[in-house]
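Reading through the structure tokens given below for one structure.
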Amino acid sequence: MEDCIFCKIAAHEIPSTVVYEDDLVIAFDDLNPQAPVHTLVIPKGHYADIVDGVPGEVLAAMAHAVSEVARIKGLSDGFRVISNTGAAAGQTVMHFHMHVLGGTDLGENLL
Ligand code: 5GP
Ligand code: ZN
């Protein structure tokens, strides 16, 4: 989609620190990390959020990418996956993404 920053990252038109990539998804480090490890997993196709008719094949590819990020980043002690959906959740980039957070004790606040 035109003017979507994550579509541009998926197409390698905007640089990012890529952690994992396959035909359907790409994972890259967040520009403004909220934890020692903060990587975003996105589908290469444009979907606004997790409830925007994302095909099961793409959801499976994203789950696989999350496990690859955890392995590559050494998150064997655990990690958190968050997908902000819509205004009330504070979603700022309207291209479906999963935050993978870890590398520290994340505590028990908000889940
Ligand atoms: P949201 O608030 O929509 O759940 O998360 C969007 C995330 O995208 C934020 O954590 C923000 O730091 C990240 N972000 C926004 N623009 C860019 C960018 O151009 N490059 C990277 N790597 N991350 C970005
Ligand atoms: Zn997009």
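One line per residue, one yes/no per condition, for (1) touching a Phe, Trp or Tyr at 6+ places or on another chain (Cβ under 8 Å); (2) modelled with pLDDT under 95; (3) surrounded by 12 or more Cβ atoms within 10 Å (Cβ to Cβ); (4) over 17 Å from Cys4 (Cα atoms):
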{"position": "Ala27", "(1), (2), (3), (4)": "yes, no, yes, no"}
{"position": "Asp30", "(1), (2), (3), (4)": "no, no, yes, no"}
{"position": "Pro33", "(1), (2), (3), (4)": "no, no, yes, yes"}
{"position": "Ala48", "(1), (2), (3), (4)": "yes, no, yes, no"}
{"position": "Ala61", "(1), (2), (3), (4)": "no, no, yes, yes"}
{"position": "Val69", "(1), (2), (3), (4)": "yes, no, yes, yes"}
{"position": "Ile82", "(1), (2), (3), (4)": "no, no, yes, yes"}
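Name the single residue that is nearest to ligand 1 (Cβ to nearest atom) among those in segment 1-23 being more than 18 Å from Gln91 (Cα to Cα) and within 13 Å of the chain's Cα centre (by Cα).
Across segment 1-23, the extreme among qualifying residues is Ser16.
Give me a count of the residues in segment 86-97 that are within 21 Å of Glu2 (Cα to Cα) and surrounded by 10 or more Cβ atoms within 10 Å (Cβ to Cβ).
Residues meeting the conditions: 7.
Out of all the residues in segment 6-25, which are outside any strand (DSSP E or B), surrounded by 13 or more Cβ atoms within 10 Å (Cβ to Cβ) and in contact (Cβ under 8 Å) with a residue 40 or more places away in the chain?
Correct list: Phe6, Cys7.
Could you list all residues from segment 41-76 that are touching a Leu at 6+ places or on another chain (Cβ under 9 Å), within 14 Å of Val93 (Cα to Cα) and of a type in the set (A, V, I, L, M, F, W, C)?
Ile50
The values are calculated or read from the model by the stated rules, or taken from the named source; none is laboratory data. Computed from a prediction, not measured in an experiment: that's the story for all the values here. Every residue, glycine as well, gets a Cβ built from its backbone with ideal geometry; the counts of neighbours run over all protein chains shown.
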